[in-house]
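Asker: Please see the structure below; I have some questions.
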Amino acid sequence: MQSVSTKLLLLLSILNQYYLLATPSRVHSISPIPNEALPTKSGYLQVNSTTKSAMFYTFYEAKEPNLLLSETPILIWLQGGPGCSSMLGNFYELGPWRVVSSQGHNVEKLALEPNQGSWNRLFGLVFIDNPIGTGFSLATTTEEIPRDQQAVSKHLYKAIRAFIALESLFKTRPIYVTGESYAGKYVPAIGYYILKRNAGLPTSSQVNLVGVAIGNGLIDPITQVATHAMSAYFSGLVNEKQKTVLEKVQDEAIGLAKLGNWSVATDARSKVLNLLQNMTGLATLYDFRRSIPYEEDLVTTYLSSMEVKKALGANVSIDFEVCSDTVGKILHEDLMKSTKYMVEFLVKHTKVLLYQGEFDLRVGVVAAEAWMKKMKWDQIENFLEADRKVWKVKGKLAGYVQKWGSLSHAIVSNAGHLVPADQAVNSQAMIEDWVLNRGLFSDNGIVEHLNPSYNSE
C-alpha cells in the first residue's frame, strides 16, 4: 500500500504536468537570418578612436534603383526613445525583412519575412543605433554617452563620415536623414550640424545632405505638451472636466520648462501622459485604436539570438534591448528642450518632410500643427495657407498632404506612432514620392492643382 507521502508526491507531479500544459510556454524557436535577408554591409562605425566607442549599423542597398548607383539616394534611419535601437525600425517597421511570430506546440516561433513596403526599394537604407549605448552600439563608459543634442550630433557626424568612407560611390550619393519620435531631436540636430560643418569645407569633403524626414517627432515639447488635453477631448476620449484637469497638469510641465528646470519638467510631462493613460484606459497612447501595444518585444527576442548577432556582425557579448533605460536616464534633462530652431534652419537650406500617423496621441497631428504655426520662416504663412490635399495610393485614401516650397506635411491614415509598421506600402510611397519630387510632393504646383488626388503607383 502506498504511503501518504508517496501519494502526495504523485499528486504534485500530476498537478505540475497539468500546470505546464495549461500555462502558455515562453519557449522561443528562432529561425536564422536567410542569406537573402543579410545586410549589404553591417558592423561598427567608430566615434572615438581612443576609447573605441562605436555605433552599430546595418546597410541595405537599393533593390530596384531607378538611377545610376552613384546618384541613388541613401536614407539614414534613426530611432527615437531616447535610447531605442534602430533595429526596431529595421526589423519591425521599414527594413526589407520583418520579424514575425507564429505559434507551435507550446513554442513561439520567430522568423523573418519580406516587407513589401521597405524603404530600400529605390534607395539605399542605413539603420544606425544612436546614441552610443543604444542597441548594439558600444559605449566604453556611461560618462561618454551624450547628454544633449550637440554631443549626439558630434558622434553621429563621425559615424556618418565613417560610413561614407566605406565606398567611393557613397561620397556622391544624396543623403537623407530620417527618423521618428525622439528622433525629432536627433534628425534636426545632425542635419543642422552637417550643414554648419559643410559651410567650412570644400565641396568634395562635404556630406551631401539633401533633406530630412521626421515621423511623429518630439521637436518643440513645450508647444506639443500643451495639446494633449485638446487632442484627447476632440477625439472623444475625455470629457470637459477631465480636459480641464489635464490642462492644469500640462501648464505645470510647461512652466517648469520655461524656467529651465529641465529634469523636473520631464517628470511633469510624464505625469501628463500617465494621467491621460489612466483617464482613457487605452492600451497605448501611441495608437488609440489598438487593443494591445506594439509588439516590440519580438525584435528584442529575435536579436538576442547568438546566431542572429553573429550574422549581423554585432558584438555577441551585448544583451540586446530595444530601448536602453541607461541612455534614457542620461538624456532625461534633454527631453523638454526644443530643436525647432534647427528645423527652421534646415527648411531654409534643404527639404523637410514632417509626417504623422493620425491616431497617435503622444506626438500626433495636432501637436505637429501647433509647433509648425510658430515656425520662424519667411514662407510659413504661405505654407499655412496652402491647401491640404487628399493623398491616394493605388486609388485608395492614404492620407493628406500639405506642401509649400521646401516643407511638406503628411498625415498618414490608419496609422499610429510607428507609421511604417502600420502602413508599410503607403509609407514607402510617401518617402519615395517626397525624395523624387513626385505627385503631391512635387515642386510643380500646376501638377498638384491638376491632380489633387494623385495616385502613387
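Asker: Given 98, 121, which one is closer than 17 Å to residue 419 by Cα and either surrounded by fewer than 24 Cβ atoms within 10 Å (Cβ to Cβ) or of a type in the set (Lys, Arg) (or both)?
Answerer: Numbers: 121 fails: closer than 17 Å to residue 419 by Cα.
Exactly one residue qualifies, and that residue is 98.
Asker: Give me the residue from region 48-72 that is out of contact with any Pro (no Cβ under 7 Å at 6 or more places or on another chain), surrounded by fewer than 20 Cβ atoms within 10 Å (Cβ to Cβ) and of a type in the set (Ser, Thr, Tyr) and, out of that set, farthest from residue 139 (Cα to Cα).
Answerer: The qualifying residue farthest from residue 139 (Cα to Cα) is 70.
Asker: Next up: If I filter region 188-204 for residues that are crowded, with 20+ Cβ neighbours inside 10 Å, farther than 28 Å from residue 144 by Cβ, modelled with pLDDT of 95 or more and not charged (D, E, K, R), do I get at least one hit? Please lay out each step first, then the result.
Answerer: The first filter runs over region 188-204 and keeps only residues crowded, with 20+ Cβ neighbours inside 10 Å, leaving 188-194.
Among the residues that remain, those that are also farther than 28 Å from residue 144 by Cβ are: none.
No, there is no match, as no residue in region 188-204 is crowded, with 20+ Cβ neighbours inside 10 Å, farther than 28 Å from residue 144 by Cβ, modelled with pLDDT of 95 or more and not charged (D, E, K, R).
Asker: Can I ask one more? So which pairs qualify, if the first residue must be in region 307-321 and assigned to a helix (DSSP H, G or I), the second must be of a type outside the set (Val, Ile, Thr) and at pLDDT below 95, the Cβ gap must be under 6 Å, and the two must be at least 6 apart or on different chains?
Answerer: 307/32
Asker: Among 64, 93, which is closer than 18 Å to residue 122 by Cα, of a type outside the set (Gly, Ala, Ser), out of contact with any helix residue (DSSP H, G or I) (no Cβ under 9 Å at 6 or more places or on another chain) and modelled with pLDDT of 90 or more? Walk me through how you get there before you give the answer.
Answerer: Values: 93 fails: out of contact with any helix residue (DSSP H, G or I) (no Cβ under 9 Å at 6 or more places or on another chain).
When all the criteria are applied, what remains is 64.
Asker: Right, next: Let me confirm something: among 221, 174, which residue is under 30 Å from residue 279 (Cα atoms), in contact (Cβ under 8 Å) with a residue 24 or more places away in the chain and not charged (D, E, K, R)? Talk me through it step by step, then tell me what you get.
Answerer: Numbers: 174 fails: under 30 Å from residue 279 (Cα atoms).
Exactly one of 221, 174 is under 30 Å from residue 279 (Cα atoms), in contact (Cβ under 8 Å) with a residue 24 or more places away in the chain and not charged (D, E, K, R), namely 221.
Asker: Which of (1) over 17 Å from the mean Cα position of the chain (by Cα); (2) not in a loop (DSSP other than H, G, I, E, B) is the odd one out, the single condition residue 425 does not satisfy?
Answerer: For residue 425, the exception is condition (1).
Asker: Across region 393-411, what is the total count of residues that are over 15 Å from residue 443 (Cα atoms) and either among the polar types (S, T, N, Q) or surrounded by fewer than 20 Cβ atoms within 10 Å (Cβ to Cβ) (or both)?
Answerer: Looking only at that region, the number is 5.
Asker: Given the conditions (1) surrounded by fewer than 24 Cβ atoms within 10 Å (Cβ to Cβ); (2) farther than 18 Å from residue 161 by Cβ, which single one is not true for residue 45?
Answerer: (2)
Asker: Go through region 79-129 and give me each residue that's in a strand (DSSP E or B), within 16 Å of residue 312 (Cα to Cα) and under 16 Å from the mean Cα position of the chain (by Cα).
Answerer: Step one: of region 79-129, the residues in a strand (DSSP E or B) are 84, 97-103, 107-114, 124-128.
Imposing the further condition that a residue be within 16 Å of residue 312 (Cα to Cα) reduces the set to 97-99, 111-112, 125-128.
Scanning region 79-129 gives 98, 125, 126, 127, 128.
Asker: Here's something else I'd like to know. Residue 223 passes all but one of (1) farther than 26 Å from residue 253 by Cα; (2) modelled with pLDDT of 95 or more; (3) out of contact with any Leu (no Cβ under 8 Å at 6 or more places or on another chain); which number fails?
Answerer: (1)
Asker: Scan 282, 298, 276, 256 and give me the residue that is hydrophobic (A, V, I, L, M, F, W, C), touching a residue at least 12 places away in the same chain (Cβ under 8 Å), farther than 27 Å from residue 418 by Cα and buried (at least 18 other Cβ atoms within 10 Å of the Cβ). Give the derivation first.
Answerer: On the way: 282 fails: farther than 27 Å from residue 418 by Cα; 298 fails: farther than 27 Å from residue 418 by Cα; 276 fails: farther than 27 Å from residue 418 by Cα.
Going through 282, 298, 276, 256 in turn, the sole match is 256.
Asker: Do we have any residue at all in region 156-175 that's assigned to a loop (DSSP other than H, G, I, E, B) and surrounded by 20 or more Cβ atoms within 10 Å (Cβ to Cβ)? Before you say what the answer is, go through the steps one by one.
Answerer: First, pick out the residues of region 156-175 that are assigned to a loop (DSSP other than H, G, I, E, B): 165-167, 172-174.
Then keep just the ones that are surrounded by 20 or more Cβ atoms within 10 Å (Cβ to Cβ); that gives 173.
Taking every residue of region 156-175 in turn, at least one turns out to be assigned to a loop (DSSP other than H, G, I, E, B) and surrounded by 20 or more Cβ atoms within 10 Å (Cβ to Cβ).
Asker: Can you tell me how many residues in region 228-263 are in a loop (DSSP other than H, G, I, E, B) and over 23 Å from residue 357 (Cα atoms)? Outline the logic, then answer.
Answerer: In the first step, residues of region 228-263 are kept if they are in a loop (DSSP other than H, G, I, E, B); the result is 235-239, 259-261.
Applying the additional criterion that residues be over 23 Å from residue 357 (Cα atoms) yields 239, 259-261.
Total meeting the criteria: 4.
Asker: Examine region 222-244 for a residue that is in contact with a His (Cβ under 8 Å, 6 or more places away or on another chain) and not basic (Lys, Arg), and state whether such a residue exists.
Answerer: no
Asker: Anything in region 215-244 that is farther than 30 Å from residue 350 by Cα and surrounded by 15 or more Cβ atoms within 10 Å (Cβ to Cβ)? List them, or say none.
Answerer: Step one: of region 215-244, the residues farther than 30 Å from residue 350 by Cα are 228-244.
Residues satisfying the conditions are 228, 229, 230, 231, 232, 233, 237, 238, 242, 243.
Asker: So which residues in region 49-66 are touching a residue at least 40 places away in the same chain (Cβ under 8 Å) and either assigned to a loop (DSSP other than H, G, I, E, B) or basic (Lys, Arg) (or both), if there are any at all? So that I can check it myself, show each step before the final result.
Answerer: Going residue by residue through region 49-66, those that are touching a residue at least 40 places away in the same chain (Cβ under 8 Å) are 51-66.
If the condition is that a residue be touching a residue at least 40 places away in the same chain (Cβ under 8 Å) and either assigned to a loop (DSSP other than H, G, I, E, B) or basic (Lys, Arg) (or both), then 51, 52, 53, 61, 62, 63, 64, 65, 66 are the ones that fit.
Asker: If you go through region 205-214 one residue at a time, do you hit one that is part of a helix (DSSP H, G or I), touching a residue at least 24 places away in the same chain (Cβ under 8 Å) and farther than 17 Å from residue 350 by Cβ?
Answerer: Within region 205-214, none of the residues are part of a helix (DSSP H, G or I), touching a residue at least 24 places away in the same chain (Cβ under 8 Å) and farther than 17 Å from residue 350 by Cβ.
Asker: Could you list, ordered by first residue, the pairs with Cβ atoms under 7 Å in which the first is in region 429-456 and on the phi > 0 side of the Ramachandran plot and the second is crowded, with 19+ Cβ neighbours inside 10 Å and at pLDDT 50 or above, at least 6 apart or interchain?
Answerer: Correct list of pairs: 439/433.
Asker: Can you tell me which residue in region 349-381 is surrounded by the most Cβ atoms within 10 Å (Cβ to Cβ), limited to those that are part of a helix (DSSP H, G or I) and in contact with an Asp or Glu (Cβ under 7 Å, 6 or more places away or on another chain)? Lay out the reasoning, then the answer.
Answerer: In the first step, residues of region 349-381 are kept if they are part of a helix (DSSP H, G or I); the result is 349, 365-372, 380-381.
From what's left, in contact with an Asp or Glu (Cβ under 7 Å, 6 or more places away or on another chain): 365, 371.
Values: 365: 20, 371: 24.
Among those residues, the one meeting the criterion is 371.
The values are calculated or read from the model by the stated rules, or taken from the named source; none is laboratory data. Please read all numbers here as calculations on a predicted model, not as lab measurements. Using ideal geometry, Cβ is built from the backbone for each residue, glycine included, and neighbour counts are taken over all protein chains shown.
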